[in-house]
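The values are calculated or read from the model by the stated rules, or taken from the named source; none is laboratory data. No experiment lies behind these values; they were computed from the predicted model shown. Glycine gets a Cβ as well: all are built from the backbone with ideal geometry, and neighbour counts include every protein chain shown. Remember, those area values only see protein heavy atoms, side chains included, never the ligands or the DNA or RNA. Shrake-Rupley method; radii C 1.70, N 1.55, O 1.52, S 1.80 Å.
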Amino acid sequence: MPQDKGKGKDVLVEVKNLKKHFQVGGNQILKAVDDVTFDIYRGETLGLVGESGCGKSTLGRTLIRLYEATGGSVKFAGESVHGKKSKAELKKLSRSIQMIFQDPYSSLNPRMSVEDLVAEGMDAHGLSENRTERHKKVIDLLELVGLNKDHAKRFPHEFSGGQRQRIGIARALAVDPEFIIADEPISALDVSIQAQVVNLLRKLQRELGLTYLFIAHDLSMVKHISDRIGVMYLGSMVELADSDAVFEEPLHPYTRALISAIPVPDPHLERSRERVILEGDLPSPIDPPSGCRFRTRCPFAAEECAKSIPEWREARPNHWVACHLYGDGEMAANRLKQEAGHGQ
């Protein structure tokens, strides 16, 4: 089993320099995921946030091999996810890694009963010996996610959005996976239901020892469920740290902007706190800016940012960032001088 030597934790998913590019319109290349590196530890929830179009969902789908990687590598429990695989290897992989999709209605076949939907994976992997055992397993799964046995014979259109997402969760759990990628699992749900689904996922993680990649754009909800948070911008990872560290001491200017946009319940604090306003629109991933991709919207942008791509580095213990403010160049030197001046 791979180990993260700095923390002594089991690394379940190891992503190195991962790229997923799409050819669009002639010879243009859309770099949806570009040179992303991170680990996911066994038993943790890694939250992944960023604006729409930043590559979060593409990254999740590449991890589970719904998309083939353009470059780099993904290892699950020490074994490569991509490359040539036998049918047996692909079957084992599909059982170990499951996905919960954003829209619980479009991801469920409307012509299939709930029982058949939940049991689909069990049937494919031969996990029940007969119809009686199959039915019992489905009922147990439905009860595990907060539904009941009467729901087994009904069809997706008879359920609310929150109930449909619970069916999707039961279907993902049916093959006893180790790792679940939750791709915006609450964004299509009413706000009142979102917390229920997140709390259910946390409960299941404790009971079943699951590992999650939780993809979302709602930072406050990601903080509620995640042990660590990764921030993506325009196909690249710009920051990764423990959840509390990301909120209490965000290093990357983009992360600071995202956090400053979260409403605060206290009206006096909301009026007095500093907001980071991003200028301009998100650039096209087909023609990203040179150097640092965030520089066209960054309040600290300098010549250094246009000339070179910032290195992905550990700026604080277990706190990774890709920003010239924390590199070896002039911007970092100036930042350190300013911090030293404030400390006097």
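In the stretch 154-201, of all residues being in a helix (DSSP H, G or I) and under 12 Å from Gln98 (Cβ atoms), the one that is most open to solvent (accessible area, probe 1.4 Å) corresponds to Arg171.
When the stretch 97-122 is filtered for residues that are out of contact with any Leu (no Cβ under 8 Å at 6 or more places or on another chain), surrounded by fewer than 18 Cβ atoms within 10 Å (Cβ to Cβ) and closer than 22 Å to Ile181 by Cβ, the ones remaining, listed by number, are Asp103, Tyr105, Ser106, Glu120. Filtering the stretch 123-171 to residues that are basic (Lys, Arg) and more than 24 Å from Ser94 (Cα to Cα) leaves Lys149, Lys153, Arg154.
On the stretch given as the stretch 20-42, residues that are open to solvent by 30 Å² or more (accessible area, probe 1.4 Å) and within 18 Å of Leu213 (Cβ to Cβ) total 3.
Pairing each residue of the stretch 136-148 that is in contact (Cβ under 8 Å) with a residue 12 or more places away in the chain and closer than 12 Å to Gly168 by Cα with any residue that is among the polar types (S, T, N, Q) and surrounded by fewer than 17 Cβ atoms within 10 Å (Cβ to Cβ), provided the two are 6+ apart or on different chains, yields C-beta distances under 7 Å for Leu142/Asn148.
To keep it simple, each residue is scored yes or no on (1) under 22 Å from Ser52 (Cα atoms); (2) surrounded by 13 or more Cβ atoms within 10 Å (Cβ to Cβ); (3) modelled with pLDDT of 95 or more.
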{"residue": "Glu279", "(1), (2), (3)": "yes, no, no"}
{"residue": "Pro288", "(1), (2), (3)": "yes, yes, no"}
{"residue": "His319", "(1), (2), (3)": "no, yes, yes"}
{"residue": "Gly329", "(1), (2), (3)": "no, yes, no"}
{"residue": "Asn334", "(1), (2), (3)": "no, yes, no"}
{"residue": "Lys337", "(1), (2), (3)": "no, no, no"}
{"residue": "Ala340", "(1), (2), (3)": "no, no, no"}
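Cβ-Cβ contacts under 9 Å between residues 6 or more apart (or on different chains), taken from a first residue in the stretch 103-128 that is free of Cβ contacts under 8 Å to residues at least 60 places away in the same chain to a second residue that is of a type in the set (Ser, Thr, Tyr), are listed as Ala119/Ser128; Gly121/Ser94; Met122/Ser128; Ala124/Ser94; His125/Ser94. For the stretch 138-147, the count of residues that are surrounded by 21 or more Cβ atoms within 10 Å (Cβ to Cβ) and of a type outside the set (A, V, I, L, M, F, W, C) is zero. Meeting the requirement of 1 or more residues that are closer than 27 Å to Pro289 by Cβ, the helices (runs of 4 or more DSSP H) wholly within the stretch 30-147 are 56-63. For Glu304, state whether it is of a type outside the set (A, V, I, L, M, F, W, C), open to solvent by 30 Å² or more (accessible area, probe 1.4 Å), modelled with pLDDT of 90 or more and in a helix (DSSP H, G or I). Spelling it out, Glu304 is indeed of a type outside the set (A, V, I, L, M, F, W, C), open to solvent by 30 Å² or more (accessible area, probe 1.4 Å), modelled with pLDDT of 90 or more and in a helix (DSSP H, G or I). Residue pairs whose Cβ atoms lie under 7 Å apart, sitting 6 or more positions apart in sequence or on different chains, and linking a residue in the stretch 151-164 that is touching a residue at least 60 places away in the same chain (Cβ under 8 Å) to a partner that is open to solvent by 40 Å² or more (accessible area, probe 1.4 Å) and outside any helix (DSSP H, G or I), are Arg164/Tyr105. For the stretch 52-96, a residue qualifies if it is polar (S, T, N, Q) and loosely packed, with under 14 Cβ neighbours inside 10 Å, and the qualifying residues are Ser52, Ser86. Among the residues of the stretch 211-266, those that are of a type outside the set (A, V, I, L, M), assigned to a helix (DSSP H, G or I) and within 26 Å of Pro299 (Cβ to Cβ) comprise Ser220, Lys223, Ser243, Asp244, Phe247, Glu248, Pro253, Tyr254, Thr255, Arg256, Ser260.
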